[in-house]
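The values are calculated or read from the model by the stated rules, or taken from the named source; none is laboratory data. Computed from a predicted structure; not experimentally measured. Cβ atoms come from the backbone with ideal geometry, glycine included; neighbour counts cover every protein chain shown.
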Amino acid sequence: MSGVRAVVFDTDGVLLATADRHAAAWKETFDGCLARWGEHTGQRPTPFDAVHDYRDLVDGRSRLDGVRAFLTARRIGLPAGTPEDPPGCDTVHAVAARKEAVFSEMLRTAPVEPFDDVGPALRRLRETDVGCAAVSASRHARTLLRSAGLTDFFGALVDGRDADALDLPGKPDPALFLEAAARLGAGPGRTAVVEDALVGVEAGRRGRFHLVVGIDRGRDPRTADALRAHGAHLVLPDLLGLPAAIDGLGQ
């Protein structure tokens, strides 16, 4: 069996402790618009669930795709609008801009830290000459990884700005992961993907990556089952077991 020579990591929730912040930003964004949307539909939409709706509808997706997924789930129709729309509730782009504004304000009020297991795992992979890349749909990823002192571990980074510039579709399409693997000089058959989002592990399987690892930091059996159902070959509670899992595949 050919060995894994590269690993592509999702950023939020895998490397950085930002998933809870994203979930809170999405909740503030959507719940702040629900009353206005209810006036048009004549119904009272169900509030955003920061656990289940975050996991099932927006985690791992671009802001626009996350807005579309939530609106579809709640049967709310909005015009697309344009990228120039200011933060608001009247178009898909406006809601996405609203989320960006809320999240940016959260970042200004508190620093973002890497999980404790990230540094040791990345150092071990570097010692064994396994190339690493980071991927994120967020435009903030590059800045946040730099502030967390992690950029030196990565030979490639593909973020939301790259996705826009290259017109790469978002997850569950594997384009972001494939671009990161290509920048490392590794094809999917020699690369592992590490994700905490359902659409992320699905993207890894669609891209035919050698190993798709789901991260369940909450150690919730339902989350672990969902990650496997969406395509994870292996589910780990953190990154500490990742180097050994890769070693076990043979190189």
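List every residue pair whose Cβ atoms lie under 7 Å apart, where the two residues are 6 or more positions apart in sequence or sit on different chains, the first residue falls within region 29-57 and is among the aromatic types (F, W, Y), and the second residue, located anywhere, is surrounded by 12 or more Cβ atoms within 10 Å (Cβ to Cβ) and modelled with pLDDT under 90.
W37/P45
Have a look at L227, L198, L242 and point out the one that is touching a strand residue (DSSP E or B) at 6+ places or on another chain (Cβ under 9 Å) and under 20 Å from D117 (Cα atoms). Walk me through how you get there before you give the answer.
Values: L227 fails: under 20 Å from D117 (Cα atoms); L198 fails: under 20 Å from D117 (Cα atoms).
Criteria check complete, one pass: L242.
Listed here are the residues, each with its yes/no results for (1) crowded, with 20+ Cβ neighbours inside 10 Å; (2) in contact with a helix residue (DSSP H, G or I) (Cβ under 7 Å, 6 or more places away or on another chain).
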{"residue": "A197", "(1), (2)": "yes, no"}
{"residue": "V201", "(1), (2)": "yes, yes"}
{"residue": "G207", "(1), (2)": "yes, yes"}
{"residue": "R219", "(1), (2)": "no, no"}
{"residue": "G241", "(1), (2)": "no, no"}
{"residue": "A245", "(1), (2)": "no, no"}
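G13 fails exactly one of the following numbered conditions: (1) on the phi > 0 side of the Ramachandran plot; (2) at pLDDT below 90. What is the number of that condition?
(2)
Name the single residue that is surrounded by the fewest Cβ atoms within 10 Å (Cβ to Cβ) among those in region 183-195 being under 22 Å from L57 (Cα atoms) and among the aliphatic types (A, V, I, L, M). Break it down stepwise before answering.
At the first step, the residues of region 183-195 found to be under 22 Å from L57 (Cα atoms) are 193-195.
Okay, now just the ones that are also among the aliphatic types (A, V, I, L, M), so 193-194.
Values: V193: 33, V194: 27.
In this case the residue turns out to be V194.
Tally up the residues in region 224-239 that are touching a residue at least 12 places away in the same chain (Cβ under 8 Å), surrounded by fewer than 20 Cβ atoms within 10 Å (Cβ to Cβ) and assigned to a helix (DSSP H, G or I), please.
Within region 224-239, residues that are touching a residue at least 12 places away in the same chain (Cβ under 8 Å), surrounded by fewer than 20 Cβ atoms within 10 Å (Cβ to Cβ) and assigned to a helix (DSSP H, G or I) number 2.
If you take the residues in region 27-49 that are more than 23 Å from T82 (Cα to Cα) and modelled with pLDDT of 95 or more, which one is surrounded by the most Cβ atoms within 10 Å (Cβ to Cβ)?
Ranking the candidates gives F48 first.
In the list A180, A175, A134, A156, which residue meets the criterion of being in contact with a Leu (Cβ under 7 Å, 6 or more places away or on another chain), surrounded by 21 or more Cβ atoms within 10 Å (Cβ to Cβ) and not assigned by TED's automatic domain parsing to the domain that holds F103? Give the steps one after another, and end with the answer.
Details: A180 fails: in contact with a Leu (Cβ under 7 Å, 6 or more places away or on another chain); A175 fails: surrounded by 21 or more Cβ atoms within 10 Å (Cβ to Cβ); A156 fails: surrounded by 21 or more Cβ atoms within 10 Å (Cβ to Cβ).
The match here is A134.
Could you grab me the full set of residues in region 182-207 that are in a loop (DSSP other than H, G, I, E, B) and over 11 Å from the mean Cα position of the chain (by Cα)?
Going residue by residue through region 182-207, those that are in a loop (DSSP other than H, G, I, E, B) are 184-187, 196-197, 207.
Result: L184, G185, A186, G187, G207.
Can you name the residue in region 122-181 that is of a type in the set (D, E, K, R), assigned to a loop (DSSP other than H, G, I, E, B) and over 18 Å from V14 (Cα atoms) and is also farthest from the chain's Cα centre (by Cα) among such residues?
Filtering first and then ranking leaves D129.
Being touching a residue at least 40 places away in the same chain (Cβ under 8 Å), within 15 Å of the chain's Cα centre (by Cα) and either part of a helix (DSSP H, G or I) or not assigned by TED's automatic domain parsing to the domain that holds V199 (or both) is the requirement here; does D20 meet it? Explain how you work it out, then say what you get.
Values: touching a residue at least 40 places away in the same chain (Cβ under 8 Å): no; within 15 Å of the chain's Cα centre (by Cα): yes; either part of a helix (DSSP H, G or I) or not assigned by TED's automatic domain parsing to the domain that holds V199 (or both): yes.
For D20, the condition - touching a residue at least 40 places away in the same chain (Cβ under 8 Å), within 15 Å of the chain's Cα centre (by Cα) and either part of a helix (DSSP H, G or I) or not assigned by TED's automatic domain parsing to the domain that holds V199 (or both) - is not met.
Tell me, yes or no, whether region 97-119 has at least one residue that is modelled with pLDDT under 95, exposed (fewer than 13 other Cβ atoms within 10 Å of the Cβ) and within 13 Å of F30 (Cβ to Cβ).
no
Going through region 73-125 one residue at a time, which ones are free of Cβ contacts under 8 Å to residues at least 60 places away in the same chain, among the charged types (D, E, K, R) and either touching an Asp or Glu at 6+ places or on another chain (Cβ under 9 Å) or closer than 16 Å to S62 by Cα (or both)?
Across region 73-125, the qualifying residues are E100, D116.
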